[in-house]
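Worksheet: one structure, shown below.
The values are calculated or read from the model by the stated rules, or taken from the named source; none is laboratory data. Just so it is clear, the model here is predicted, and its values are computed rather than measured. Backbone-built Cβ (ideal geometry, glycine too); neighbour counts: all protein chains shown.
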Amino acid sequence: MSLDALFDPRCVAVVGASANPAKWGYWLASGALAGRARRTVHLVNQRGGGLDGVPFVPGLGCLPTVPEQVVVAVPPSQVRGVVVEGLAAGARCFTVITSGGAGPEEERELADLVTAHGGRLLGPNCMGVVDTTTELRLSWGDFPAGSVGLVSQSGNLALEIGRLLARAGQGFSRFVSLGNQRDIDAADALDALIAHDATRVVAAYVEDFRDGRRLARTLAAARVAGKPVLMLALGRSDASGRAAASHTGALVSARSVVEAVCRDAGALLLDSAGELVDTAVLLTAAGNRIGRIRRDAARATGSGAAETGGPRPLRVAAVGDSGGQGALAADTLAARGLDVPVLSEATRAAVAAHLPGHGSCGNPVDLAGAGEADLRSYARVVRALLDGGDTDATVLTGYFGDYATANPDQARQECEVARELGEAARRSGRLLVVHTMARDTPALTVLREHGVPVYERIEQAATALAHATRHVGTPRTAPPLPPRTPAGPLPDGSYETVRALLAQRGLAFPAAEFVTTAEEAAAAARRTGYPLVLKAMGLAHKTEAGGVALGIADETALRTALTRMRASTGAGRYAVEEMVAHPHSVELIVGVRRDPAFGPVAMVGLGGVTAELLADTALALAPLTPRHARDLLLSLRHAPLLTGWRGAPTVDLDAAADALCALTRAAVEHPELTELEVNPLLVHPGGAVALDAHGVLR
């Protein structure tokens, strides 16, 4: 069902309206009345009264027109009765501010009641909804108008973001408070923002991802539609100390899954409200120039981008009226992964033509007093940098914007120069960002009006540039799960069972036999051949428990190892396995962990006994395509070990990718597995072989 009635109802009713400013009902009612020029507003309170000349009516059944949206701000015990009355009156959209009952079950029943009548419910326990483009303000607090759409599970965080946006000259197109998400969830609200023309940047704070797969598809759809998504989420610290039954479980955290989903969908996962606002300001100001710049960078890098870590970094020129501030700006930009290159001779000459003899025309550029002598020097130098073509963006740092504060006679000229700066950026198709020690001066207003983002601190400007220029291009999400019936359940997650499962899907394993006695082990060894490996079955972490013996050379050593292993582990079953070694090989760990919100999540990393120590991993939603699996391998910090470190031959990346794909398919086909792992997967120039495997059943 469309959410038009949520964002632009023709008639809205506020139940629990109040004339007391200390109550939510007052702010909801006064906000609704602010949109009376666009819609009919009814205020409902069974005790009577009125607000701003509008009388309260005793109930929804008394209304002369059908309310498309009903806002419910009554005690929890009364919510269901109001919803029932509203449905009877013909309402089909409900925004429930208070909780919806005694607990989650009652709230789910309330949502089922609404949806069974073809309606939608926002909340319960939410802060309401705002659409500044339709004069809809059904919430508490200030929501400045702008082009940022926000979906949030925190009301106070939304207010903080609103205040920061207002200080930066921006604001909201829409705001949706999700509350307990019993019906309308984050994906629903984000879908509506993606389709909303007035929303240029989408922001979200999500605590409960519910159907994570659906949310991932929504994030990818936003990128395809050209709507950047800025995401805030919990989980950067893990104080729970969650115990894991496998290396995969220890290496895949809830936060790392969200990071992987955002990366592949093309969304930006940020750390704070300040970062979100700084990035949103740059994105709304720069429009589609950032996308064009990054695509040019990708083309300049060439087809080997995936092999070399992606397209080149954004190239930035720094210019200021202070040598110290310019140098600090250059350091700050470089620290955030941006390139501050040496300028070409042609650009240096063009810049030098506008500087006094003692000015520096390198990068950073020091105006050395030229701006004080003539304010238009700022525009001339910045124009030379923007038009030079050596860089993708220019950062102007220092005093500009504050001249009229000390000397009001310069106000007109400073505003004219600000206008010239904005026009120069627009014509060049490149980015101009201003860091200034001023605040809220007329010149800064002119800059913002001309699409130039303005920041009070250089680190804000540098961070926004770094964030805003990431993840431009086609999103890469996991393919949909295959529409097939899951395979029959596995009896256990033992090495023997998992080995058979994965071998059926094409993974190579060493020759092995499974035994229970020393005599069986000796007979198996005669068929397998020495040297060999002995493994105790039934242990999640065999090496740590003394359940692995390598390089066994003869029968005497085999019997000794089995006796010692039986005493230390108590295992009753063992694998006698061929000892496999390949020159120039690398040990990987590949696994899948089933996340409560996102389902099966694939992980690949540097493996063996140091897997957790190195913690060099890459994640993505499972199942994987061979191309995606290969990209994950090449994204590892230690990927050079796979591609020929210090003259070694390249390992068989295709074989490694195929093994990862086979494992992810097996995990998807067996939902009873919460974890599935091969560690190590030995990859070498001639292929890949799985040396151990393990599964964890629900």
Next item on the list: Could you list all residues from region 103-132 that are under 20 Å from residue 28 (Cβ atoms) and basic (Lys, Arg)?
Entry: 120
Checklist line | Those residues of region 362-373 which are within 12 Å of residue 321 (Cα to Cα) and of a type outside the set (Val, Ile, Thr), in sequence order | finding: 364, 366, 367, 368, 369, 370, 371, 372, 373
Check: From the set of residues in region 541-568 that are surrounded by fewer than 16 Cβ atoms within 10 Å (Cβ to Cβ) and part of a strand (DSSP E or B), which is nearest to the chain's Cα centre (by Cα)?
Finding: 550
Notebook entry, point to check: Of all the residues that make up region 443-455, how many are in a loop (DSSP other than H, G, I, E, B) and out of contact with any strand residue (DSSP E or B) (no Cβ under 7 Å at 6 or more places or on another chain)?
Noted result: 2
Check: Out of all the residues in region 516-537, which are touching a Ser or Thr at 6+ places or on another chain (Cβ under 9 Å) and either of a type in the set (Ser, Thr, Tyr) or buried (at least 18 other Cβ atoms within 10 Å of the Cβ) (or both)?
Finding: 536, 537
Next item on the list: Could you please give the count of residues in region 569-599 that are assigned to a strand (DSSP E or B) and touching a Pro at 6+ places or on another chain (Cβ under 6 Å)?
Entry: 5
Item checked: Residue among 214, 163, 137, 223 that alone is more than 23 Å from residue 115 (Cα to Cα), at pLDDT below 95 and among the basic types (Lys, Arg) -> 223
Next item on the list: Please give the number of the condition residue 130 fails out of (1) touching a Pro at 6+ places or on another chain (Cβ under 9 Å); (2) buried (at least 17 other Cβ atoms within 10 Å of the Cβ).
Entry: (1)
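In region 300-333, which residue that is assigned to a helix (DSSP H, G or I) and within 14 Å of residue 392 (Cα to Cα) is modelled with the highest pLDDT?
333
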Next item on the list: Check off (1) surrounded by fewer than 18 Cβ atoms within 10 Å (Cβ to Cβ); (2) touching a helix residue (DSSP H, G or I) at 6+ places or on another chain (Cβ under 9 Å); (3) closer than 30 Å to residue 88 by Cβ; (4) of a type outside the set (A, V, I, L, M, F, W, C) for residue 115 and give me the number that stays unchecked.
Entry: (2)
Notebook entry, point to check: Can you tell me how many residues in region 499-515 are loosely packed, with under 14 Cβ neighbours inside 10 Å and assigned to a helix (DSSP H, G or I)?
Noted result: 2
Next item on the list: Go over the candidates 545, 557, 567, 561 one by one and state the one that is out of contact with any helix residue (DSSP H, G or I) (no Cβ under 8 Å at 6 or more places or on another chain), in contact (Cβ under 8 Å) with a residue 24 or more places away in the chain and assigned by TED's automatic domain parsing to the domain that holds residue 527.
Entry: 561
Item checked: Answer from 100, 123, 169, 155 - the residue that is closer than 27 Å to residue 76 by Cα and either charged (D, E, K, R) or more than 24 Å from the chain's Cα centre (by Cα) (or both) -> 100
Notebook entry, point to check: In region 350-362, how many are in contact (Cβ under 8 Å) with a residue 12 or more places away in the chain, more than 14 Å from residue 394 (Cα to Cα) and either in a helix (DSSP H, G or I) or of a type in the set (Phe, Trp, Tyr) (or both)?
Noted result: 1
Next item on the list: Output the number of residues of region 328-342 satisfying the condition of being touching a residue at least 12 places away in the same chain (Cβ under 8 Å), over 23 Å from the mean Cα position of the chain (by Cα) and either more than 14 Å from residue 391 (Cα to Cα) or not assigned by TED's automatic domain parsing to the domain that holds residue 436 (or both).
Entry: 3
Checklist line | Considering residues of region 172-185 that are outside any loop (DSSP other than H, G, I, E, B) and among the small types (Gly, Ala, Ser) only, the residue farthest from the chain's Cα centre (by Cα) | finding: 173
